[in-house]
Amino acid sequence: MADNEILRSTENPIERAFLVGVELRTEPGLLSVADSLDELSLLSETAGLKVVGEVSQKLDKPNVATFIGRGKLAEVKALAEETLTNVVIFDNELSPRHLREISKALGNNLRVIDRTALILDIFAQHAVTHEGRLQVELAQQEYRLPRLSHAWGHLERQGAGAAGRTGAVGGVGLRGPGETQLEVDKREIRKRIAFLKKQIAKISDHRSHYRVQRKRSQIPVIAIVGYTNAGKSTLLNQLANADIYTADQLFATLDPTTRRVRLPGNHVGLFTDTVGFIQKLPTQLIAACKSTLEEINEADLLLHVIDASHFNAVAQFESVKDTLNEIQADNIPMLNVFNKSDLLEDPEEARQLLAETDSDAYLVSARTREGIEALKRGIMEVLFERMVPITVRLPFKQGALIATFHEQGIIELVENEQNNVLIEGSIPGRLYTRYQEFALKVT
């Protein structure tokens with residue numbers, strides 16, 4: 001079975017997991033090692049595992065071979081045997097060499113995975129749509145490919161005695177059956193990756209066509225983003241009177257869901273619930289979910305939902321901002337929505353946090369509807385009433401954008417150039433992203 005699959009066998013349906021965290025002094029994270037291990041524990045439970053113990057270590061840099069020190073690794077082995085552990089989960093992503101050497105040191109009875117493999121497994125369990133399954137499988141295969149040698153290491157060590165019986169693959173003589181199978185597996189995975197990319201590209205083209213039609217309808221799109229389990233789906237249910245699945249667990253919903261919401265003043269918006277973010281979100285997953293994440297990039301407004309009751313709310317807030325910056329969505333107008341006000345012992349503290357974080361912030365409870373109507377008015381103001389100053393250089397072939405600026409914007413300056421028109425003025429907030437690529441940076 002592949003390293004990135006958490007075994008859920010019928011003989012032993014509940015796997016016992018032991019967690020290992022490392023705090024790198026040269027690479028401080030947004031969360032402390034203790035808080036990060038707490039989050040890893042929740043991830044493990046979401047994957048259907050039972051956490052039976054944990055250890056942590058502070059290092060200046062990872063050990064070249066085993067990531068953690070040899071002494072700490074021996075401690076992990078002893079504790080794992082004592083707690084009848086089935087799988088050891090590292091909170092950091094392990095390189096193929098780290099995975100191989102740690103597995104060798106811990107023995108064949110213990111499986112070793114990392115945070116990335118665990119998250120990918122959770123996504124695989126929760127993906128519902130065809131596109132979601134394709135994207136998650138692509139991320140898994142991309143993660144698995146460089147780690148195949150670990151899976152076949154025990155056969156590579158059989159030695160040269162089997163070389164004469166192996167033959168050759170692709171005209172190249174190999175030393176043994178393990179290495180031959182390794183090459184076969186790599187070739188099959190590369191073929192599968194190529195197939196998945198083609199399928200996802202087709203879906204991406206369909207999404208792009210749909211987005212073009214959606215823009216022509218002039219209905220603004222609002223993407224709901226935030227840390228996993230911040231209450232995004234519950235918020236959308238309240239805004240749209242919908243019944244999207246919700247649960248008090250990490251990554252309860254993965255596939256984007258769009259609902260039409262009526263706003264004050266008889267306006268309408270399309271609200272999309274996106275996948276929750278998390279610290280150390282696998283880069284393979286971000287790359288594989290590019291077409292889905294484009295829903296965020298193409299939005300007219302972002303609602304950043306923060307769990308105001310969480311003791312690490314600020315760190316989660318910063319983690320989401322970092323991810324938005326990574327996918328180049330940090331320039332889209334955004335409202336911060338501090339959710340779960342009903343769980344706060346002192347709401348005044350949350351209001352102080354709102355004042356310090358952003359003037360465009362709202363305190364709500366998606367469960368009790370507190371603050372929902374005020375949030376709707378704020379959304380309507382940004383999309384339909386607030387004018388955003390902008391200077392753009394539009395090619396003449398962008399006639400629709402030029403006409404829209406004249407019809408719905410406030411123009412202060414127009415200059416016709418050889419192939420473009422320079423326009424300076426203001427546009428409604430909902431139109432900002434449509435002009436963003438043509439905007440001139442003001443120095």
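Counting only residues that are in contact with a helix residue (DSSP H, G or I) (Cβ under 6 Å, 6 or more places away or on another chain) and at pLDDT 50 or above, which one in the range 3-19 is surrounded by the fewest Cβ atoms within 10 Å (Cβ to Cβ)? Even if it seems obvious, please write down each step before you answer.
Within the range 3-19, the first condition is being in contact with a helix residue (DSSP H, G or I) (Cβ under 6 Å, 6 or more places away or on another chain), and the residues that meet it are 3-4, 6, 17-19.
When the remaining residues are screened for being at pLDDT 50 or above, the result is 17-19.
Details: Ala17: 29, Phe18: 25, Leu19: 27.
That would be Phe18.
Are there any pairs with C-beta distances below 8 angstrom linking a residue in the range 369-380 that is in the same structural domain as Leu343 (by TED's automatic domain parsing) to a residue that is of a type in the set (Phe, Trp, Tyr), with the two at least 6 apart or on different chains, and if so which?
Pairs that qualify, where the first residue is in the same structural domain as Leu343 (by TED's automatic domain parsing) and the partner is of a type in the set (Phe, Trp, Tyr), are Gly371/Tyr362; Ala374/Tyr362; Leu375/Tyr362; Gly378/Tyr362.
Evaluate the range 399-409: report whether one residue or more is touching a residue at least 12 places away in the same chain (Cβ under 8 Å), part of a strand (DSSP E or B), touching a strand residue (DSSP E or B) at 6+ places or on another chain (Cβ under 6 Å) and not small (Gly, Ala, Ser). Before you say what the answer is, go through the steps one by one.
Quick first cut of the range 399-409, residues touching a residue at least 12 places away in the same chain (Cβ under 8 Å) only: 401-402, 404-405, 408-409.
Still in the list and also part of a strand (DSSP E or B): none.
No - not one qualifying residue is present in the range 399-409.
Matching residues to (1) at pLDDT 85 or above; (2) assigned to a strand (DSSP E or B); (3) not basic (Lys, Arg):
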site	(1), (2), (3)
Ile224	yes, yes, yes
Ser233	yes, no, yes
Leu239	yes, no, yes
Ile244	no, no, yes
Leu250	no, no, yes
Leu254	no, no, yes
Thr258	no, yes, yes
Val261	yes, yes, yes
Gly265	no, no, yes
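Looking only at residues that are modelled with pLDDT under 90 and over 25 Å from the mean Cα position of the chain (by Cα) in the range 355-368, which one is nearest to Leu302 (Cα to Cα)?
Among residues in the range 355-368 that are modelled with pLDDT under 90 and over 25 Å from the mean Cα position of the chain (by Cα), the one nearest to Leu302 (Cα to Cα) is Ser359.
Here are the criteria: (1) touching a Lys or Arg at 6+ places or on another chain (Cβ under 7 Å); (2) surrounded by 16 or more Cβ atoms within 10 Å (Cβ to Cβ); (3) aliphatic (A, V, I, L, M). Tell me which single one Leu440 does not satisfy.
(2)
May I ask you to list the residues in the range 74-91 that are within 20 Å of Leu59 (Cα to Cα) and surrounded by fewer than 21 Cβ atoms within 10 Å (Cβ to Cβ)?
So in the range 74-91, the residues within 20 Å of Leu59 (Cα to Cα) come out as 74-77, 88-91.
Those that are within 20 Å of Leu59 (Cα to Cα) and surrounded by fewer than 21 Cβ atoms within 10 Å (Cβ to Cβ): Ala74, Glu75, Lys77.
Would you confirm whether any residue within the range 426-442 is among the charged types (D, E, K, R), modelled with pLDDT under 85, in contact with a strand residue (DSSP E or B) (Cβ under 8 Å, 6 or more places away or on another chain) and in a helix (DSSP H, G or I)? Break it down stepwise before answering.
Residues of the range 426-442 among the charged types (D, E, K, R): 430, 434, 437, 441.
Now narrow it down to the ones that are modelled with pLDDT under 85: 430, 434, 441.
From the residues that got through so far, the ones that are in contact with a strand residue (DSSP E or B) (Cβ under 8 Å, 6 or more places away or on another chain) too are 430.
Right, trim to in a helix (DSSP H, G or I) and you get 430.
Within the range 426-442 (the criterion being among the charged types (D, E, K, R), modelled with pLDDT under 85, in contact with a strand residue (DSSP E or B) (Cβ under 8 Å, 6 or more places away or on another chain) and in a helix (DSSP H, G or I)), the answer is yes, since at least one residue qualifies.
Looking at (1) part of a helix (DSSP H, G or I); (2) in contact (Cβ under 8 Å) with a residue 24 or more places away in the chain, find the lone condition where Lys58 falls short.
(1)
Please go through the range 89-103 and give me each residue that is part of a helix (DSSP H, G or I), in contact (Cβ under 8 Å) with a residue 60 or more places away in the chain and in contact with a Phe, Trp or Tyr (Cβ under 8 Å, 6 or more places away or on another chain), ordered by number.
Keep residues of the range 89-103 that are part of a helix (DSSP H, G or I), which gives 96-103.
Now drop any that are not in contact (Cβ under 8 Å) with a residue 60 or more places away in the chain, which leaves 99.
Result: no residue meets the conditions.
Consider Ala78 carefully, then state whether it is modelled with pLDDT of 90 or more and not in a loop (DSSP other than H, G, I, E, B). Let's see the steps before the verdict.
Details: modelled with pLDDT of 90 or more: yes; not in a loop (DSSP other than H, G, I, E, B): yes.
The answer is yes for Ala78.
Taking the conditions exactly as written (under 19 Å from Arg16 (Cα atoms) and within 24 Å of the chain's Cα centre (by Cα)), does Asp91 satisfy them or not?
Numbers: under 19 Å from Arg16 (Cα atoms): yes; within 24 Å of the chain's Cα centre (by Cα): yes.
Against the criterion (under 19 Å from Arg16 (Cα atoms) and within 24 Å of the chain's Cα centre (by Cα)), Asp91 qualifies.
Exactly one of (1) β-branched (Val, Ile, Thr); (2) farther than 24 Å from Ile219 by Cα; (3) touching a strand residue (DSSP E or B) at 6+ places or on another chain (Cβ under 7 Å) is unmet by Val314. Its number?
All conditions pass for Val314, except number (3).
Collect the residues in the range 387-414 that are under 34 Å from the mean Cα position of the chain (by Cα) and under 10 Å from Phe438 (Cβ atoms), keeping them in residue-number order.
Ile390, Thr391, Val392, Arg393, Leu394, Gln398, Leu401 - these are the residues of the range 387-414 that are under 34 Å from the mean Cα position of the chain (by Cα) and under 10 Å from Phe438 (Cβ atoms).
Just a yes or no: is a residue in the range 338-346 part of a strand (DSSP E or B) and either of a type in the set (Asp, Glu) or at pLDDT 85 or above (or both)? So that I can check it myself, show each step before the final result.
First, pick out the residues of the range 338-346 that are part of a strand (DSSP E or B): 338-339.
Checking the rest, the ones that are also either of a type in the set (Asp, Glu) or at pLDDT 85 or above (or both) come to 338-339.
So far as the range 338-346 goes, yes, one or more of its residues are part of a strand (DSSP E or B) and either of a type in the set (Asp, Glu) or at pLDDT 85 or above (or both).
The values are calculated or read from the model by the stated rules, or taken from the named source; none is laboratory data. Keep in mind the model is a prediction, meaning the values are calculated, not measured. All Cβ positions, glycine included, derive from the backbone under ideal geometry; neighbour counts span all protein chains shown.
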